[in-house]
Amino acid sequence: MRALPFGALPPFVPRRFVPQSTALGDWSAIAPLFDQLEARAAECKSPAALEAWLHDWSELSAAVDEEGARRHIAMTCHTEDTASKQAYLEFVGRIEPELKPRQFRLAELFLKHPLRNALPKERYEVFDRDTAVTVELFRSENVPLETEETRLGQQYYELTGAMTVQFCGEERTLQQMSKFIEEPDRATRQEAWELVVQRRLADTEKFETLFDAMLRCREEIAANAGFEDYLGYTWRRLRRFDYSPAQCVEFHAAIEQEIVPVVRELQEERRAQLGVTTLRPWDLESDPLGRPPLKPFANVSQLLERSQRIFDRLDGELAAGFRQMRELRLLDLDSRKGKAPGGYQSTLNEARLPFIFMHAVGVQRDVETLLHEAGHAFHALATQSEPLLAYRSAPIEFCEVASMTMELLGNDDLGEFYSEADARRARRSHFELVLKIFPWIATVDAFQHWIYTHPGHTRAERTAAWVELLKRFGGAVDWNGLEAARANLWHRQLHIFELPFYYVEYGIAQLGALAVWANSRRDKASALAAYRRALALGGARPLPELFEAAGCRFEFSAKTVRPLMERVREELAGLRGA
Ligand SMILES: [Zn+2]
């Protein structure tokens, strides 16, 4: 296996249960440690002993998890190295399938433990309810159905991955086509958009058939687990203890009333800047004034230096965290041959240190990505002293508050990268991005609420429901003559196929991030102090308390959305024409 970008990183706290010599890539070395934990459960005769048992379980899980993370990082940093790939695939193929049932068994032992309710209540309530739901939802008859669902999911990837079009004399994948939608020349971007849409339309029947099969599979899983519909089942599976489907429906209405009008104003401004009669679907991504892309930095060391200065000005503790990551080489940012595509933040759970991977090519999106991933990294650093692995990460609804807040706060300070005019342009386009995702989130989420509460619906009814939602949330885009493309637009949304219901989280988190940003405009130091306090809680408290600690409310009706949009409108007024 090739060397990792970073050097030796010792465990954050010395191991006390897992022997130093344990080969963590070898199941026969790991299994006896699970045996020991299973045997020891019954021997825990005091709450303190049970707590120590939980900590040892965390230590083992973190050590094994870090082994997997290290192998994943090595593979993505050196895709040309077959040994690194092999090492990772071995872990996925040999360790993970063994691990799952053993983790499940320990969860069962914990739930049955006579001293479970003797543990400090507030400290363990989140852990307890999360563990209980894992065991509660398990049905052996669902195991083959889940395998089937994974297999169907694979088909969606194959279907979309195989799509190519001929453009400018070259065969290109749909991912490669995405950059042409930003072309300043309108005819070029229209051609690119239409080619992609036609290609997707050619597979309409395949997408619909695949989705019908997934739907049947999901309805059966829910019924086996004793739920009336898949919506109810998924709500529990996604551990949505702190909000209801009705609150999401309220959120959709708030987006329609409070955000869609702002998006329409931005679209009208864009239309006028482009000098076109109506805004067509291919007019939404290009720079409305036809300017060349912004160039925030020439190389990765500039990106690092300038981002560091942004953090230095924001908050001493966050800045120190980023400096430590640089010193320990926990950032692999440059785009070079042999690196896997995409970007991620991963946590080495035993060293309790974050790692950031991305492909910086010198565009504004890179600055936003680094700020975003740094927010996740700050979250990992803030929870270092938490002994329970489960509490060293928060639910996604709050993880994304950590990252999206950093984007907004960092983008307030883009003078490190740009002239005043360019910084204004970058900030305006970031706000446009932040706002226009809300109506899309509402559309995708409301569509799934409809799908999973209308059993036995026909394809025609499903399409009609989708088109209705696009009319409701679609803004001022002219789809005349493109009705078929509009009716099938949901086929491109991976989450509807692969990760049912997992999407509204981003909208919930973005509201929280906008609230922290608005607080920072009133009092930067206290907003950042609250942000850090909330990050330090990790996942140890329920969502409403995490939001409250960060200085915002876990509430997403118009009551919360309206004042935030007023604040965003003021900001946009100051950026008009930028
Ligand atoms: Zn994120």
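The values are calculated or read from the model by the stated rules, or taken from the named source; none is laboratory data. Remember, predicted model here, so these are calculated numbers, not experimental data. With ideal geometry, Cβ positions are generated from the backbone for all residues, glycine too; neighbour counts draw on all protein chains shown. Remember, those area values only see protein heavy atoms, side chains included, never the ligands or the DNA or RNA. Shrake-Rupley method; radii C 1.70, N 1.55, O 1.52, S 1.80 Å.
Please name all residue pairs, on different chains or six or more residues apart, with Cβ atoms under 9 Å, provided the first residue is in the stretch 482-511 and is over 29 Å from C552 (Cα atoms) and the second residue is part of a helix (DSSP H, G or I) and among the small types (G, A, S). Taking only residues 6 or more apart or on different chains, the pairs are A487/A464; F497/G153; E498/G153. Taking first residues from the stretch 523-548 that are under 18 Å from D130 (Cβ atoms) and open to solvent by 50 Å² or more (accessible area, probe 1.4 Å) and partners that are modelled with pLDDT of 95 or more and in a helix (DSSP H, G or I), the Cβ contacts under 9 Å between residues at least 6 apart in sequence or on separate chains come to L537/A382; L537/Y391; L537/F398; L537/E545; L537/L546; L537/A549; E545/A534.
Only one residue in H359, H430 is open to solvent by less than 30 Å² (accessible area, probe 1.4 Å) and either over 22 Å from A69 (Cβ atoms) or touching an Asp or Glu at 6+ places or on another chain (Cβ under 9 Å) (or both). Which one?
Numbers: H359 fails: open to solvent by less than 30 Å² (accessible area, probe 1.4 Å).
Answer to the check: H430.
Taking the numbered list (1) of a type outside the set (A, V, I, L, M, F, W, C); (2) open to solvent by 30 Å² or more (accessible area, probe 1.4 Å); (3) within 16 Å of the ligand (Cβ to nearest atom) in turn, Q324 passes all entries but (3).
Going through the stretch 381-404 one residue at a time, which ones are within 15 Å of the ligand (Cβ to nearest atom) and open to solvent by less than 40 Å² (accessible area, probe 1.4 Å)? Walk me through it before giving the result.
Here is the first cut: in the stretch 381-404, the ones within 15 Å of the ligand (Cβ to nearest atom) are 393-404.
Answer for the stretch 381-404, where residues must be within 15 Å of the ligand (Cβ to nearest atom) and open to solvent by less than 40 Å² (accessible area, probe 1.4 Å): A394, E397, F398, C399, E400, V401, A402, S403, M404.
For F355, indicate whether it is touching a residue at least 12 places away in the same chain (Cβ under 8 Å), assigned to a strand (DSSP E or B) and either within 14 Å of the ligand (Cβ to nearest atom) or touching a Leu at 6+ places or on another chain (Cβ under 9 Å) (or both).
On the way: touching a residue at least 12 places away in the same chain (Cβ under 8 Å): yes; assigned to a strand (DSSP E or B): yes; either within 14 Å of the ligand (Cβ to nearest atom) or touching a Leu at 6+ places or on another chain (Cβ under 9 Å) (or both): yes.
Yes, satisfied.
Screening V367 on (1) more than 14 Å from the ligand (Cβ to nearest atom); (2) in contact with a strand residue (DSSP E or B) (Cβ under 7 Å, 6 or more places away or on another chain); (3) of a type in the set (A, V, I, L, M, F, W, C) shows it passes everything except condition (2). Taking the conditions exactly as written (in a strand (DSSP E or B) and either open to solvent by 20 Å² or more (accessible area, probe 1.4 Å) or basic (K, R) (or both)), does H372 satisfy them or not? Here the answer is no, as H372 does not meet what is asked.
Scanning the stretch 84-101 for residues that are crowded, with 17+ Cβ neighbours inside 10 Å and of a type in the set (G, A, S) yields a count of 2. Scanning the stretch 1-38 for residues that are outside any loop (DSSP other than H, G, I, E, B), under 26 Å from A83 (Cβ atoms) and without any contact (Cβ under 8 Å) to a residue 12 or more places away in the chain returns S28, A29.
Screening A162 against (1) farther than 28 Å from L215 by Cβ; (2) loosely packed, with under 14 Cβ neighbours inside 10 Å leaves a single unmet condition, (1). Against the test of being under 27 Å from Q257 (Cβ atoms) and within 16 Å of the ligand (Cβ to nearest atom), the options E407, E432 yield a single qualifying residue, E407. Scanning the stretch 410-423 for residues that are within 16 Å of the ligand (Cβ to nearest atom) and either more than 21 Å from Q324 (Cβ to Cβ) or surrounded by fewer than 22 Cβ atoms within 10 Å (Cβ to Cβ) (or both) yields one hit, N411.
When the stretch 340-352 is limited to residues that are open to solvent by 20 Å² or more (accessible area, probe 1.4 Å) and away from the ligand (no atom under 16 Å from the Cβ), the one that is nearest to A374 (Cα to Cα) turns out to be R352. Looking at G362, is it assigned to a loop (DSSP other than H, G, I, E, B), away from the ligand (no atom under 16 Å from the Cβ) and at positive phi? Judged against the criteria, G362 is a match. Candidates F127, F138, F104: the one that is open to solvent by 40 Å² or more (accessible area, probe 1.4 Å), within 19 Å of L37 (Cα to Cα) and not basic (K, R) is F104.
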